[in-house]
Amino acid sequence: MTDVLVPSTTRGDAASARPSTAVARDSSVDVIRVVLLVVVFALHAMMVGVSLGPSGPVLENALEGQGWFAAVSWFVQIMPLFFIAGGFSSLHHWRSMRSRGASSADYVRARVERLVRPAIVLVSVVAAALVALSLGGLPPELVATAGFRIGQPLWFLGVYLATSALVPFMVRAHERARVSTPLALLAGVVAVDVLRFSTGVDGIGLLNLLLVWLLVQQLGFHLADGGFDRFSPTALWSIAGGALALLAAITLAGPYSADMYVNLNPPTVCLVVLGAAQLALFQLARPRIRAWTRRTDASRLVSAVGERAMTIYLWHMPVLVALAGALLVANAGFGLALPEPMTAGWWASRPLWLGLAAAAVAGVTIVFARFERGRRGGAPAAASVATGRGAAALDAICGVAGVAVVLISGFGPVQAVISLALLTVALRGSATIRASFARRSATTDRTRSVRVAPRPVGFPRG
């Protein structure tokens, strides 16, 4: 959800400061995040291609290699607007906590707990399921493909966790240098692209996993501060048109692909330009979105989906892969037809497929959403121990690393154990874990000292 948190009138202890329960919402941002989530789900569902090849079952990306998809990607590549909405929410959240005396470490701990908790459940369940399938005799290549497809969307969780952990620092930069901060980030993004294309080393582009999304997050800060409210509709249309014209120029005549999903891995300046266009168009649509929300009384539905957004995002791909496996089983057991992707039969079956997938994701979300929401009104997991900036930074790094392990290496047993260990440190808090070890060590030392204490010498009676 995009909660604009209203500051409390009383100051609490910084170590235990929590967001206020009084919440003001920006309905337009809430609605657009739900719409973007639906787009992501629908796109990934359309990518699922299940068929039988000469060598057996095939699980593939049905949209990969389709020439027409490059044009479509300009409309369905919505990650820039996702991060803009995230920046909008994060700015208000951090300022609310800060106004009540919370530290930057408190904010980072709150974000780490919210994002890591559902990830631990996902890694545990998916890893166990894939191991069970391997032991059950499923071909290793199919298990590996399933793990790869499930892990692909996790890049967003890792990057979002990193950018969220940097919010206090980036907000400070935004407040001190509103113009030069995004310009400096833009210069960094362009420099990385230039080095990448001039050297041919694609690994250099991975630096933009942070720079691009931090820059787009800055656009969300400007949106939250009302920076775009001063622009007239004509100016906003000009910004959108100019950004799209620039995007066309650098993709048609420059070194960049016209496919915005190619520009996602690794991210390039194209996503920044696309984000600027999306932001201008969204700003134009905000009054109509707010009016629609009031007219249809859709706030409850939007709120219900928003509170479960990360659960839906994390679990939609495992559900899609599981449904693909069910189709293969139905084909083998009952002769269910599996039309070749992109054929007329395949397209005709897509409405039923999307409906079935949506229902399955909704059911799984009901089961696992409680892990995302956590303990309502309860203290954070690490609240009993004061967390410094260094410990909070370490927790965030462990969270990002835990996601990266399964993203890069898959959901094998060893990788899952390593990932879960890192995610557990992030959730519990390194400061809490160190304090727990210190208490146990002190208790052990006291017990030993009691056991080895000399017995008092008795004197005989006489």
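If you go through the range 361-384 and keep only what is open to solvent by less than 30 Å² (accessible area, probe 1.4 Å) and at pLDDT 55 or above, you end up with VAL361, THR365, ALA369, GLU372, GLY374. Evaluate the range 218-235: report whether one residue or more is among the aromatic types (Phe, Trp, Tyr), closer than 30 Å to ALA102 by Cα and at pLDDT below 95. Checked against the condition, which is being among the aromatic types (Phe, Trp, Tyr), closer than 30 Å to ALA102 by Cα and at pLDDT below 95, the range 218-235 yields at least one hit.
Every residue in the range 66-102 that is assigned to a loop (DSSP other than H, G, I, E, B) and within 25 Å of ALA245 (Cα to Cα), please.
Matches in the range 66-102: GLN66, GLY67, TRP68, GLN77, ILE78.
Between ALA253, ALA224, ALA277, the distinction of being touching a strand residue (DSSP E or B) at 6+ places or on another chain (Cβ under 9 Å) and either farther than 22 Å from THR181 by Cα or not β-branched (Val, Ile, Thr) (or both) belongs to ALA224 only.
Among the residues of the range 123-159, just one is more than 30 Å from PRO267 (Cβ to Cβ) and of a type in the set (Val, Ile, Thr), namely VAL131. Taking the range 140-244 as the region of interest, the helices (runs of 4 or more DSSP H) fully inside it that hold 2 or more residues being open to solvent by 20 Å² or more (accessible area, probe 1.4 Å), over 25 Å from LEU427 (Cα atoms) and touching a residue at least 40 places away in the same chain (Cβ under 8 Å) are 140-151, 180-199, 208-224.
Looking for whichever is in contact with a Pro (Cβ under 7 Å, 6 or more places away or on another chain), open to solvent by less than 60 Å² (accessible area, probe 1.4 Å), farther than 30 Å from ARG117 by Cα and part of a helix (DSSP H, G or I) here; the options are LEU284, LEU279, LEU247, LEU271. Which one fits? Please lay out each step first, then the result.
Working: LEU279 fails: in contact with a Pro (Cβ under 7 Å, 6 or more places away or on another chain); LEU247 fails: in contact with a Pro (Cβ under 7 Å, 6 or more places away or on another chain); LEU271 fails: farther than 30 Å from ARG117 by Cα.
Just a single option satisfies the conditions, and that option is LEU284.
For LEU422, the criteria (1) at pLDDT 60 or above; (2) loosely packed, with under 14 Cβ neighbours inside 10 Å hold in every case but one, which is (2).
A Cβ distance below 9 Å, combined with a sequence gap of six or more or placement on separate chains, defines the contacts here; from the range 317-343, residues that are closer than 18 Å to MET46 by Cα and without any contact (Cβ under 8 Å) to a residue 12 or more places away in the chain reach residues that are open to solvent by 30 Å² or more (accessible area, probe 1.4 Å) and hydroxyl-bearing (Ser, Thr, Tyr) in the pairs ALA337/SER349. When each of LEU336, LEU327, LEU314, LEU301 is tested for being hydrophobic (A, V, I, L, M, F, W, C), more than 30 Å from SER232 (Cβ to Cβ) and touching a strand residue (DSSP E or B) at 6+ places or on another chain (Cβ under 7 Å), the lone residue that passes is LEU327.
The values are calculated or read from the model by the stated rules, or taken from the named source; none is laboratory data. On a predicted model such as this, the values are computed, not experimentally measured, just so you know. Here the Cβ is made from the backbone with ideal geometry for all residues, glycine too, and neighbour counts use every protein chain on show. Keep in mind that these areas ignore ligands, DNA and RNA; they rest on the heavy atoms of the full protein, side chains included. Shrake-Rupley method; radii C 1.70, N 1.55, O 1.52, S 1.80 Å.
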